[in-house]
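Step one of this worksheet: look at the structure below.
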Amino acid sequence: MIRAVPDVNLYVSAVIRKTGYGGQILARAREFLVFTSEAILADLFRVMHYDHVRRLHKMSDEKIIEHIDLLRSRIRRTPGRLRVEIVHADPDDDIIVACALEAAADYIVSRDHHLLDLKHYHSIQIVSPKAFLEILDREKSLRLN
């Protein structure tokens, strides 16, 4: 089964627009193994509190906490012990790569150009949400045939 680490921006976009790529991917989470880390969830908490993001999702502090707790209960978490320095243009993105390495992930799914510019790291492919949906469709088609 495919192993993937969604970036924080995918979770945020899923909350803001459930029918967008992020929402579609999380709705299909039974088709692949989703991994995160406490560092990613903490970053999500921080980003969800940005004023411009709050205006879009309109969630109270309590609802943000509930949402992150729900993710925490449903998504596999890595230990979060690994530290890497890979994304020199944006070191905050290193937590995504570290989680993917700990999870032995096949994919990182992100809209972040700092990650997408890497294209891959070791055996981990770094793809856009649209590309990941196409990968899921291809896998589903192969399973049905």
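The values are calculated or read from the model by the stated rules, or taken from the named source; none is laboratory data. Remember, it's a predicted structure, so these values are computed and weren't measured experimentally. Cβ: placed from backbone, ideal geometry, glycine included. Neighbour counts: every protein chain shown. Heavy atoms of the whole protein, side chains included, go into the accessibility calculation; ligands, DNA and RNA do not. Shrake-Rupley method; radii C 1.70, N 1.55, O 1.52, S 1.80 Å.
Rolling a 1.4 Å probe over the heavy atoms of the protein chains gives region 37-80 an accessible area of 64 Å² per residue.
Taking the centroid of alpha carbons for each part, region 120-145 and region 47-117 are 19 Å apart.
Can you work out the FRET efficiency for the pair Lys130 and Arg55, with r the C-beta to C-beta distance and R0 = 30 Å, to the nearest 0.05? E between Lys130 and Arg55, to the nearest 0.05, is 0.75.
Expressed as a whole percent, the accessible surface of region 20-107 that belongs to carbon and sulfur atoms is 52, based on a 1.4 Å probe.
In a shell of Cβ-Cβ distance under 15 Å around Arg30, excluding Arg30 itself, what net charge do Lys and Arg (+1) and Asp and Glu (-1) give? Taking every Cβ under 15 Å from that of Arg30, the sum is +3. Note on Arg138 and Thr19: the model spin-label points, each 7 Å out from Cα along the C-beta direction, lie 2.8 nm apart. For region 114-141, the residues whose amide N sits under 20 Å from a probe point set 7 Å from the Cα of Arg30 along the beta carbon direction are 133-141. In a DSSP loop and with at most 15 other Cβ atoms within 10 Å, there are no GluC sites (Glu not before Pro) in region 33-68. Take the Cα of Leu70, step 7 Å toward its Cβ, do the same at Glu38, and the gap between the two points is 2.3 nm. Taking Cα centre as origin and charging only the Cβ of basic (Lys, Arg, +1) and acidic (Asp, Glu, -1) residues, the dipole magnitude of the chain rounds to 640 debye. When the Cα gyration tensor is reduced to axis lengths a ≥ b ≥ c, the ratio a/c is 1.5 or higher for region 26-74, and with a/b above b/c it is classed as prolate.
In a fully extended conformation the segment linking Asn145 and His88 would gain 16.3 nm over its present Cα-Cα distance, using 0.36 nm per residue. Need the list of lysines near Lys140 for cross-linking: C-alpha distance under 20 angstrom, and skip anything on the same chain fewer than eight residues off. Output for Lys140: Lys130.
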